[in-house]
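Below: the structure, in structure tokens.
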Amino acid sequence: MITQYFDTSITKWRQLFVGLGLLLLVLFALNISLGSVAIPLSSVIDFILLRPPEDNSWHLIMAKFRLPKALTATSHTCWGWTRYLWIANANLISESYGWAIHFRY
């Protein structure tokens, strides 16, 4: 099955999840920072760490629009990968040809 292709050493899994977690945090901050109004990354980090805002308009944009968008995108991404890993570990995938996944049931 698909689990035969995974290395079972705990160290590699730990490194993988720490790296993916850091990547997720960086992409989360970039998702809040980038848009039609450019908000400096330092202001985004201050916003995430609950420090007083430099510019109230940036704070309003981040609080009302970009944070909900970033949280929704992050939660859907995490849920999708969690669901895929659950299916893969439950041996519900019989074979995979390219991008097509064929399910047993």
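Contact annotation: residue pairs with Cβ atoms under 7 Å, 6 or more positions apart or on different chains, pairing a residue in the range 54-68 that is modelled with pLDDT under 95 with a partner that is not in a helix (DSSP H, G or I), are TRP58/ILE39; HIS59/PRO53; ILE61/VAL37; ILE61/ILE39; MET62/ILE39; ARG66/GLY35. In the range 12-42, which residue that is assigned to a helix (DSSP H, G or I) and small (Gly, Ala, Ser) is nearest to ALA70 (Cα to Cα)? Only one residue tops the list, namely ALA29.
Considering only the range 49-86, how many residues are more than 16 Å from the chain's Cα centre (by Cα) and assigned to a helix (DSSP H, G or I)? Full working, then the answer.
To start, the set of residues in the range 49-86 that are more than 16 Å from the chain's Cα centre (by Cα) comprises 49-65, 86.
Filter once more, so that each one left must be assigned to a helix (DSSP H, G or I): 56-65, 86.
Qualifying residue count for the region: 11.
Taking each residue of the range 6-27 that is within 16 Å of THR82 (Cα to Cα) and looking for partners that are in a helix (DSSP H, G or I) and at pLDDT below 85 with beta-carbon atoms closer than 7 Å, six or more apart or interchain, yields LEU24/THR74.
The values are calculated or read from the model by the stated rules, or taken from the named source; none is laboratory data. Quick caveat: nothing in here was measured; it's all calculated off a predicted structure. Counting neighbours? That spans all protein chains shown, and the Cβs are built from the backbone with ideal geometry, glycine included.
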